[in-house]
Amino acid sequence: YLDRVVANGARLAELVEDADDLELAVPPQCNIVCFRYRPEGMEQADLNTLNARIRQRLLEKGQYYLVQTYLGEALYLRVTLTNPFTEEQDLQGLLSEVRQEAMVGQAN
């Protein structure tokens, strides 16, 4: 169980690091991953607002559960991967939904 959920955390971190529009807070040491949507040129306060909106919309949709945390002045999305049956497609789906809600959030 532990090997699987820690591996999922590492894989999600890799996906975030490979993306131009996402930022990993710190490399995970377990199954908890902190990241945020970060398009170029956006100020810190606007990034915080946008990521808070992304989180709220994902919670309302009910498919993914994220919390938020501040590291310094920056708001990050925090995912705790606890289901050992989580697959790559689930991780990709989460990031896809984050991006989709970011587009909605930026339009508002």
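The values are calculated or read from the model by the stated rules, or taken from the named source; none is laboratory data. The structure presented is a predicted model; accordingly, all values stated were derived computationally and were not measured. Positions of Cβ are generated from backbone atoms using ideal geometry, with glycine treated the same way; all protein chains shown enter the neighbour counts. All accessible areas refer to the heavy atoms of the entire protein, side chains included, with ligands and DNA or RNA removed. Shrake-Rupley method; radii C 1.70, N 1.55, O 1.52, S 1.80 Å.
Under a point spin-label approximation (7 Å from Cα along Cα-to-Cβ), what is the MET103-THR49 distance to one decimal in nm?
2.2
How tilted is helix 88-107 with respect to the longest principal axis of the chain? Cα atoms for both, answer in degrees (0 to 90, nearest 10).
Result, in degrees: 10.
Residue by residue through region 55-66, which ³J(HN,Hα) values in whole Hz follow from phi under the Karplus form 6.51 cos²θ - 1.76 cosθ + 1.60 (θ = phi - 60°), with glycine and proline marked x?
Result, rounded to whole Hz: 4, 4, 5, 5, 5, 5, 6, x, 7, 10, 10, 10.
Evaluate the charge dipole of the chain about its Cα centre and quote only its size in Debye, nearest 20, assuming +1 on the Cβ of each Lys and Arg and -1 on the Cβ of each Asp and Glu. Present the calculation step by step, with values, prior to reporting the outcome.
On the way: 10 positive and 17 negative charges, 87 e Å.
So the magnitude is around 420 debye.
Can you give me the accessible area per residue for the chain, using a 1.4 Å probe, in Å²? Numbers along the way, then the final one.
Numbers: 6240 Å² over 108 residues.
Per-residue accessible area for the chain comes out at 58 Å².
When only the heavy atoms of the protein chains count and the probe is 1.4 Å, how do ASP90, ASP18 rank by accessible area, highest first? Kindly include the intermediate steps, with their values, before the conclusion.
Details: ASP90 60, ASP18 120 Å².
From most exposed to least exposed: ASP18, ASP90.
Are there chymotrypsin sites (Phe, Trp or Tyr not before Pro) in region 47-108 that DSSP marks as loop and that have at most 13 other Cβ atoms within 10 Å, and which are they? Spell out each step's value before the answer.
Details: sites: TYR64, TYR65, TYR70, TYR76, PHE85; in loops: TYR64, TYR65, PHE85.
Those that pass, being in a loop and sparsely packed, are TYR65, PHE85.
What Kirkwood radius, in Å to one decimal, follows from the Cα pairs of region 10-62? Intermediate values should be presented prior to the final figure.
Working: mean 1/r = 0.0833 Å⁻¹.
The answer is 12.0 Å.
Can you tell me the mean projection area, over all orientations, of the convex hull of the chain's alpha carbons? Units nm², please.
Details: hull surface 25.5 nm².
Averaged projected hull area, Cα only: 6.4 nm².
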